[in-house]
Amino acid sequence: MNASSSLEDRLKQSFPHQPTENQDEFFVRFAHFLQSTDSVFMLKGYAGTGKTSLLKSIVGTMRGMKIPVV
């Protein structure tokens with residue numbers, strides 16, 4: 001298992017719901033982003049699509065991994 005899929009799995013485990021197909025895609029893309037040199041990741045979507053839940057999952061996972069979160 002590579003590092004991005006491991007991170008992806010950790011993010012999914014902390015997500016409080018069964019992810020939709022688009023949310024699954026988010027986990028893949030965000031795990032790759034965290035390991036890239038890119039400096040911006042834009043998350044957008046309509047109301048009720050789970051953006052806040054995704055961010056809560058990210059923050060919890062990163063804190064658990066001792067990665068600084070602002």
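Things to note:
- Average accessible surface area per residue within the chain, 1.4 Å rolling probe, Å²: 74 Å²
- With a Förster radius of 30 Å applied to the beta-carbon distance between residue 67 and residue 21, the computed FRET efficiency rounds to 0.65.
- Protein heavy-atom surface of the chain, 1.4 angstrom probe: 54% of the accessible area is carbon and sulfur, with nucleic acids and ligands not counted.
- The magnitude of the dipole of the chain, with charges of +1 and -1 set on the Cβ of Lys/Arg and Asp/Glu and taken from the Cα centre, is near 320 debye.
The values are calculated or read from the model by the stated rules, or taken from the named source; none is laboratory data. From a predicted model like this one, the values you see are computed outputs, not experimental measurements. Here the Cβ is made from the backbone with ideal geometry for all residues, glycine too, and neighbour counts use every protein chain on show. Areas reflect the complete protein model, heavy atoms only, side chains present, ligands, DNA and RNA absent. Shrake-Rupley method; radii C 1.70, N 1.55, O 1.52, S 1.80 Å.
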